[in-house]
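Colleague: Handing you a structure now.
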Amino acid sequence: MERKLIFLLLALTLALAACAPAAEPASSGTTFTDGLGRTVTLPAAAQKVVSMAPSNTEILFAIGAGPQVVGRDEFSDYPVEAMSLPSIGGSMGQYSYEQVAALKPDLVLASEINTPEQVKALEDLGLTVYYLSNPKSLEDLYTNLATVAQLTGRETEAAALVESLKTRVKAVDDKLVGVTEKPIVFYEIDASDPNKPYTTGPGTFIDLLIARAGGQNLPGLTDAYPQVSLEQIVLANPAIILLGDALYGTTPESVAGRPGWSKIAAVTGNRVLPFDDNLVSRPGPRLVDGLEALAQAIHPELYK
């Protein structure tokens, strides 16, 4: 009798199991392909992230993932909340891998200022590293925001941010509709040698944004970050000079006092302007701030 009862219970159990829905298979995580063509798998959205670049830090905070950031490179100074996070170095390209590992991140977010060798060194410590390539256009920027949002589980916040950025970019585009005059702009990055200052050329975001803002970059440039001679600048006669090196003490007055610069149109027209270089040199969401600031500097008549 007892044996018969056991078989009846076993049959009942098997019948119930057959009627029950199948269990979901265990998730193996989400797989991504990063900017180096590497396969990166996360078992779940990253909750402890170390940022290796200021642009990455700004992206993380902008999409609402700031509370998930546990470490940042020493140049990440925006937003101000990032400054309170532990620094993992970065001066002269030197990072403390031990400090990164000690923070026990489930994701290290690298960028193009990091080398493949640095990515491998972090991987060799057992860390998960995603290499985020720089965007080549504003559309690429939106894609980067969506990618980091997927990595951190912030898709909803990122989608709202992208829509806001697109709306602001469209507002600039709409203001510039019908503008035919596109003044020449000289964007100064570094004038340690005022006779051969560094500027920005084709393929850079500054070059792209100057054009999008209704200006034209200094003509004749072929390199991304060339030094240009006084003769080149005088010949181009830029209507506007933007001082991306204003953060390092360069002023409109010091530019006007440089030998040979006094007759340049931007100097005689008092259109030598300090400019926050961080807005256009960090490939994060503040590029749209940079576009707006450039448009106002190049076409102030549209913003009166």
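Colleague: Indicate the helices, whole DSSP H runs only, in the chain that combine a mean Kyte-Doolittle hydropathy of 0.0 or more with a Cα extent along their long axis of 15 angstrom or more. Walk me through the intermediate numbers first.
Modeller: Values: long enough: 2-19 (26 Å, 1.72); 138-152 (21 Å, 0.37); 155-176 (32 Å, -0.21); 287-298 (16 Å, 1.22).
Answer set is 2-19, 138-152, 287-298.
Colleague: If R₀ is 25 angstrom, what is the calculated FRET efficiency for the pair Asp289 and Gln94, using the beta carbon separation as r and rounding to 0.05? Before the final figure, lay out the partial values.
Modeller: Details: r = 30 Å, r/R0 = 1.19.
Using R0 = 25 Å, I get an efficiency of 0.25.
Colleague: Turning to a different aspect of this structure: With the other protein chains left in place, how much accessible area per residue, in square angstrom, belongs to the chain at a 1.4 angstrom probe? If you can, show how the numbers build up before the last one.
Modeller: Numbers: 15480 Å² over 304 residues.
Computed with neighbouring chains in place, this is 51 Å² per residue.
Colleague: Could you compute the net charge surrounding Leu151? Neighbours are other residues with a C-beta less than 14 Å from the C-beta of Leu151; K and R count +1, D and E count -1. Kindly include the intermediate steps, with their values, before the conclusion.
Modeller: On the way: positive: Arg38, Lys48, Arg154; negative: Asp34, Asp106, Glu155, Glu157.
So the environment of Leu151 carries a net charge of -1.
Colleague: Ignoring ligands, DNA and RNA, please state the percent of accessible area on the chain from carbon and sulfur, probe 1.4 Å. Can you show the working numbers first?
Modeller: On the way: 8830 of 15480 Å².
The computed percentage sits at 57.
Colleague: Let me ask you something else. Apply the Karplus parameterisation 6.51 cos²θ - 1.76 cosθ + 1.60, with θ equal to phi minus 60°, to every residue of the range 29-37 and state each ³J(HN,Hα) to the nearest whole Hz, in sequence, with x for glycine and proline.
Modeller: Once θ is set to phi - 60°, the couplings for the range 29-37 become x, 9, 10, 10, 10, 8, x, 9, x Hz.
Colleague: How do 131-143, 259-271, 233-245 rank on mean C-beta neighbours within 10 Å, highest first? Show your work: numbers first, answer last.
Modeller: On the way: 131-143: 16.7, 259-271: 14.7, 233-245: 20.8.
Ranked by mean Cβ neighbours within 10 Å, highest first: 233-245, 131-143, 259-271.
Colleague: Give me the one-decimal nm value for the distance between modelled label points at Ala102 and Tyr225, 7 Å along each residue's Cα-to-Cβ direction.
Modeller: 3.0
Colleague: Here is a further query. Can you show me the helix-derived [θ] at 222 nm for the chain, built from DSSP H runs with n ≥ 4 at -39,500 (n - 2.57) apiece and divided by the number of residues, rounded to the nearest 500. If you can, show how the numbers build up before the last one.
Modeller: On the way: 12 runs with 118 residues, N = 304.
So the calculated ellipticity at 222 nm is -11500 deg cm²/dmol.
Colleague: Shifting gears a bit: Residue separation times 0.36 nm, minus the C-alpha to C-alpha distance between Thr39 and Met83: what's the value? Don't jump to the answer; show the numbers that get you there.
Modeller: Details: separation 44, 0.36 × 44 = 15.84 nm, distance 3.11 nm.
Between Thr39 and Met83, full extension yields an extra 12.7 nm.
Colleague: For the chain, give the share of DSSP beta bridges that are antiparallel, in percent and rounded to the nearest 5; count only bridges with both residues there.
Modeller: Numbers: 7 of 27 bridges.
Once the DSSP bridges in the chain are tallied, antiparallel ones form about 25 percent.
Colleague: Using 0.36 nm per residue, how much length does the chain from Ser262 to Asp190 gain when fully extended, once their Cα-Cα distance is taken away? Could you put the intermediate results ahead of the total?
Modeller: Working: separation 72, 0.36 × 72 = 25.92 nm, distance 1.90 nm.
Full-extension gain reported as 24.0 nm.
Colleague: Can you give the extra length, in nm with one decimal, that the chain gains between Lys304 and Glu74 once fully stretched, where that is 0.36 nm per residue apart less the Cα-Cα distance?
Modeller: On the way: separation 230, 0.36 × 230 = 82.80 nm, distance 3.88 nm.
Stretched out fully, the Lys304 to Glu74 stretch lengthens by 78.9 nm.
Colleague: Tell me which lysines have Cα within less than 28 Å of Lys196's Cα, excluding those fewer than 8 residues away on the same chain?
Modeller: Hits, sequence-local ones excluded: Lys136, Lys182, Lys263.
The values are calculated or read from the model by the stated rules, or taken from the named source; none is laboratory data. Note that the coordinates shown come from a computational prediction; the quantities given were computed from them, not determined experimentally. Heads up, the Cβs are rebuilt from the backbone with ideal geometry, glycines too, and the neighbour counts pull from every protein chain shown. When the accessible area is computed, the model is the full protein with side chains, heavy atoms only, and any ligands, DNA or RNA have been set aside. Shrake-Rupley method; radii C 1.70, N 1.55, O 1.52, S 1.80 Å.
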